[in-house]
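Here the structure is laid out as structure tokens; the discussion comes afterwards.
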Amino acid sequence: KRACARFSCDDLGDPSRGSVFSGEVTVSSKLLGSSQDQQFLRLVGDASFYLPVTRNVVLASHLRLGYIYAPIIELSSGTMDASVPPDQRFYAGGANDVRGYDRNELGPVVYVVSDTSISPEGIPDPNAVQVSATGGDRTIVANLELRLPSPVLSSRMRFAAFVDAGTLWEGKG
């Protein structure tokens, strides 16, 4: 795994002007000792920009792009896409991502039903169905935020008006 970042903002903890760029590359290859069926290349790029609108109001924007390439591998039983471990896949939704969605709620999911929750007629109990995120191999998330001082305790508390958009998906090829 390799990561890099470039900062040109006034304060990394609470920026009000400037930009932050970062990138990350993760390689899993049998040349590096990885399993033959878990080979992939994972690329992530982030860009954030901060623009002071007034002395106490800041317009902040953020864009994240991600892509995972998993090659088709040859096995004795045929060919298949190399698998990407769940912790390396992309997930979206939550307080640090696309607000308005629960954590990892945005994107592909599977429905999990236990055997004990299925009636003799084969109908699952709707209250026993669990949703589990599967993640994706491509993602894009964009955030735009207007940060405003609070009328009370303005040195310690702020308000934010924001718009978030994003998705992730499973692509082939």
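The values are calculated or read from the model by the stated rules, or taken from the named source; none is laboratory data. Model, not experiment: these values are computed from the prediction. Neighbour counts run over all protein chains shown; Cβ positions are idealised from the backbone, glycine included. With ligands, DNA and RNA removed, areas are computed over all heavy atoms of the protein, side chains included. Shrake-Rupley method; radii C 1.70, N 1.55, O 1.52, S 1.80 Å.
Using 0.36 nm per residue and subtracting the Cα-Cα separation, the extra length available between residue 132 and residue 79 on full extension is 16.4 nm. If you compute Cα Rg over 2.2 N^0.38 Å for the structure shown, which of (1) 2.05; (2) 1.09; (3) 1.36 do you land on? Computed from the coordinates, Cα Rg over 2.2 N^0.38 Å corresponds to (3). Ligands, DNA and RNA left out, the 1.4 Å accessible surface of region 75-141 is 51% carbon and sulfur atoms.
Taking 0.36 nm per residue of sequence separation and removing the Cα-Cα distance, the residue 43/residue 170 pair yields an extension gain of 44.2 nm. Residue by residue, region 163-168 carries 3J(HN,Hα) couplings of 9, 10, 9, x, 7, 9 Hz when phi is fed to the Karplus relation 6.51 cos²θ - 1.76 cosθ + 1.60 (θ = phi - 60°); x denotes Gly or Pro. Spin-label model, residue 112 to residue 30: label points 7 Å out along the Cα-to-beta-carbon direction sit 3.1 nm apart.
For residue 150 and residue 95, the FRET efficiency from 1/(1 + (r/R0)^6), where r spans their Cβ atoms and R0 equals 22 Å, is about 0.70.
For region 16-87, the list of trypsin sites (Lys or Arg not before Pro) that fall in a loop by DSSP and count at most 12 other C-beta atoms within 10 angstrom reads 55. For residue 105, the shell of other residues with beta-carbons less than 12 Å away shows a net charge of 0, using +1 for Lys and Arg and -1 for Asp and Glu. What number results when the radius of gyration of region 113-173, computed over Cα atoms, is divided by 2.2 N^0.38 Å? Cα Rg divided by the expected 2.2 N^0.38 Å: 2.07. In the chain, Cα pairs under 8 Å separated by at least six residues give a relative contact order of 18 percent.
Can you work out the PRE-style zone for residue 19? Point 7 Å along Cα to Cβ, and I want the residues of region 55-71 with backbone N under 19 Å. So the set is 58-66. Can you tally the net charge around residue 22? Count Lys and Arg as +1, Asp and Glu as -1, for every other residue whose Cβ sits under 9 Å from the Cβ of residue 22. That sum, taken over residues with Cβ under 9 Å, equals -1.
Mean-square fluctuations from a GNM of the chain, with a 10 angstrom spring cutoff on Cα atoms, peak among 120, 52, 85 at 120. With a Förster radius of 25 Å applied to the C-beta separation of residue 87 and residue 51, the computed FRET efficiency comes to 0.10.
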